[in-house]
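Here is the structure we will look at.
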Amino acid sequence: MEQIKFICLILFLGVSYGKQNNSSVCPTFDNPEQCCSGSRIINRTCTECVGFFGPNSVTPCPVNFYGVKCDSECNCTEEEECNPYVGCLNVMYTRNDT
């Protein structure tokens with residue numbers, strides 16, 4: 001019973017420490033190196049997702065949202081389109097007025 005309490009305490013302290021230091025690691029009992037929601041492993045490091053969100057960052061941003069964890073909303077003009085990574089981009093490269 002003492003071992004279980006010790007393990008729970010270590011996991012709790014690890015989660016608390018990671019969140020206080022803006023770490024993207026949210027350890028679980030089964031996986032002490034689990035990335036937090038909105039992050040994924042890139043080069044063996046939990047990295048915030050750009051253009052995706054959710055567990056393992058597999059869900060693309062909804063329409064008109066972009067950026068880290070899809071937290072930013074696009075406000076594009078008619079000549080622009082919302083890119084899930086960087087926001088509004090000009091899609092009218094050339095105009096044919098003839």
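Every number here is computed from the coordinates shown, using simple stated rules; none is lab data. All figures in this text were calculated on a predicted structure; none of them were measured in a lab. Positions of Cβ are generated from backbone atoms using ideal geometry, with glycine treated the same way; all protein chains shown enter the neighbour counts.
Here are the numbers for this structure:
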| item | result |
| --- | --- |
| Top-ranked residue in region 45-60 [being in a strand (DSSP E or B) and among the polar types (S, T, N, Q); ranked as surrounded by the most Cβ atoms within 10 Å (Cβ to Cβ)] | 47 |
| Those residues of region 61-86 which are crowded, with 18+ Cβ neighbours inside 10 Å and more than 13 Å from residue 24 (Cβ to Cβ), in sequence order | 61, 65, 66, 67, 70, 74, 82, 84 |
| Every residue from region 42-61 that is in contact with a Pro (Cβ under 9 Å, 6 or more places away or on another chain) and over 13 Å from residue 86 (Cβ atoms) | 52, 53, 60 |
